[in-house]
Amino acid sequence: MSTLDQSGTVHISDASISVELETPGMTLNIGPQHPSTHGVLRLVAQVDGERVSSLEPMIGYMHRGYEKLVEVRNYAQIITLINRIDWTAGYANEVPFVVAVERLTEIEAPDRAQYIRVILTEMTRISAHLLFLSSFPLELGASTPLMYAVRDREYVLELLESVTGGRFHPNFNRVGGVKPVAGGGSTTKKQSQDLPAGFIAATNAMVKRLRGTCVTFDGLVTGNEVFLARTKGVGIITPDHVHQYGISGPNARASGVGFDVRKHEAYLPYDKFDFAIPTETDGDCFSRYAVRLAEIRESLKIIEQAVNDLPGGPLRSKVPRILKVPAGEIYVRGENPKGEMGYYIVSEGGRIPYRVKIRTASYSNLAVLPELMNGALLPDLVAILGSLDFVLGDVDR
Amino acid sequence: MASTKLGFPLKGIFKGMGITLVTLFKPTPTVNYPVVKERPTERARGVIALDTDACTSCMLCARECPDWCIYIEGHKEEIQPDKPGGRVKTRAKLDRFDIDFALCMYCGICVEVCPFDALFWTPEYEYSEHKISDLLHDKDKLTEWLATVPTPPALEAS
């Protein structure tokens with residue numbers, strides 16, 4: 001109802017419009033250089049005001065052609081390349097590949113090497129999850145957790161560096177065990193690349209310290225009302241989505257699908273350790289955060305057990321100097337911090353694989369994004385993207 | 001779509017504030033870099049050092065390098081016998097040994113495959129350059145790094 005003021009004119013805010021206005025949707029390009037997209041991801045969104053009617057991720061900006069590159073390199077050279085697929089978890093990328101080659105060549109890595117692989121894989125998992133714990137609240141506007149997580153991640157990375165010599169790209173696995181020697185020469189041949197002295201004590205101290213970090217994060221982030229308001233009930237992945245899109249890892253476990261390659265496939269001796277698979281049922285952004293925080297605690301448990309009953313013995317089985325892999329094909333998967341990572345190797349015999357298919361977790365985890373964003377609010381995009389925890393190198397590879 | 005109502009008196013936020021307040025009085029973990037330098041571990045893969053006397057220019061490292069960033073040239077030299085009637089020996093002489101650290105992936109395969117212990121890792125890391133072409137370290141530069149090679153760390157008893 002319009003009201004007349006003293007001058008007798010109708011105020012515009014009071015005028016009622018009876019015509020239905022055409023408000024066409026707008027196409028919004030986000031990226032490829034956008035800070036909240038974790039790299040070079042371009043999103044094409046159809047928005048109606050603040051609401052997203054459809055969204056499509058455009059991937060491929062980080063494509064480096066790994067599957068083609070590995071066709072012209074021998075197995076030792078591939079190990080150093082595949083470190084870079086998911087650069088937040090370099091060590092976890094190597095393990096399934098090395099296990100696959102070991103199964104093809106029927107070489108078994110000694111127990112001590114297997115345990116070292118478990119310890120370092122779990123350390124990588126912790127460092128990758130701490131990176132998530134730093135970036136996810138940051139994207140929602142909290143900068144303090146970033147400082148805390150990155151500070152404590154350094155303790156893990158220092159230990160990784162003391163063993164492997166690299167913080168991000170360890171390149172410590174070799175077919176048949178861990179990196180054998182500092183050099184192949186006559187004087188260095190006899191030195192084994194075992195754990196450096198003091199590693200076990202330092203690891204135990206790190207485990208204790210990171211347990212404190214988990215408690216800090218519970219107080220700092222988990223109970224924070226603003227964080228809860230931004231994440232609870234946002235971006236719900238249902239168990240159906242998990243099966244349709246092949247989502248794996250913490251994202252699947254946050255939706256109640258308790259699948260973990262560590263428990264289902266014996267690619268490393270995980271059956272010797274007592275640990276749980278944390279699951280949540282809600283499937284929203286908060287569950288994905290909670291699962292990762294719980295996974296850090298479980299990984300610490302595994303590291304503690306593995307370090308304290310580390311078996312003795314050799315670090316590497318006998319492997320011919322020029323490694324020739326017999327003809328055959330094999331698929332081995334492992335639990336990357338992002339989810340299931342697998343290598344399908346086809347060998348025709350010889351030093352170089354014929355074809356390697358790389359299955360990465362982030363690719364499938366990102367594929368569910370259009371489904372989640374359908375009808376969601378644009379500000380929630382940042383929360384959903386952050387909670388999916390993908391790495392563009394892992395998506396495009 | 002927030003399902004959680006902001007509760008009063010924002011207990012969670014104050015709890016977080018308490019944690020940051022406690023951390024305020026803890027020592028800082030960061031290092032004032034150019035003044036204070038951090039020493040990486042002995043195994044850190046910083047830069048590669050070359051022992052030219054040990055190198056026989058066998059090209060194994062250059063061949064095994066995943067991105068082919070090592071350039072080697074050499075020739076055979078004849079050593080005349082000391083005594084008359086002795087055998088003429090041939091000896092490999094290294095002319096050029098360059099590593100392009102702009103290409104290098106720091107994987108360490110070259111160090112690993114060297115059969116004569118001519119290559120070593122050192123944890124030195126301060127060799128950034130303004131020009132990318134200056135990252136190509138030649139024979140003399142690589143030999144300079146040899147002085148910084150640390151002794152391997154003691155091992156955990158197995």
**Report entry** Backbone HN-Hα couplings from phi across the stretch B:93-107 [Karplus 6.51/-1.76/1.60, Hz, Gly and Pro as x]
**Finding:** 10, 7, 9, 9, 9, 10, 10, 8, 6, 6, 9, 4, 9, 6, 8
Requested in this report: Under a cut-off of 22 Å between alpha-carbon atoms, report the lysines in cross-link reach of residue B:89, not counting same-chain residues fewer than 8 places apart.
Outcome: B:76
Query - Pair residue A:147, residue B:138: separation of 7 Å Cα→Cβ label points (nm) - result: 4.8 nm
Query raised in the report: Which FRET efficiency value, to the nearest 0.05, do you get for residue A:331 and residue A:277 by plugging their Cβ-Cβ distance into 1/(1 + (r/R0)^6) with R0 = 30 Å?
Result: 0.85
Report summary line: Here the whole-number average of other chain Cβ atoms within 10 Å per Cβ of A:225-231 is 6
Query raised in the report: Per residue of A:209-218, how many C-beta atoms from partner chains lie within 10 Å of its own C-beta, taken as a mean?
Result: 1
Report summary line: If R0 = 51 Å, then residue A:106 and residue B:102, at their Cβ-Cβ distance, give a FRET efficiency to the nearest 0.05 of 0.80
Report summary line: So, over other residues within a Cβ distance under 9 Å of residue B:76, counting Lys, Arg +1 and Asp, Glu -1, the net charge is 0
**Report entry** Exposure rule at most 13 other beta-carbon atoms within 10 Å, DSSP loop GluC sites (Glu not before Pro): chain B longest free segment
**Finding:** B:39-125
Query raised in the report: Cα axis of helix A:111-139 to longest principal axis of chain A: angle in degrees, 0 to 90, nearest 10?
Result: 20 degrees
Query - Calculated FRET efficiency for the pair residue B:155/residue B:58, C-beta based, R₀ 45 Å, to 0.05 - result: 0.95
Query - Listed pairs B:93/B:141; A:208/A:232; A:263/A:357; A:179/B:37; A:68/B:141 exceeding 25 Å between Cα atoms - result: A:208/A:232; A:179/B:37; A:68/B:141
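Readers should treat all values here as calculations from the given coordinates under stated rules, not as data from a laboratory. All values derive from a computational prediction rather than experimental measurement. Using ideal geometry, Cβ is built from the backbone for each residue, glycine included, and neighbour counts are taken over all protein chains shown.
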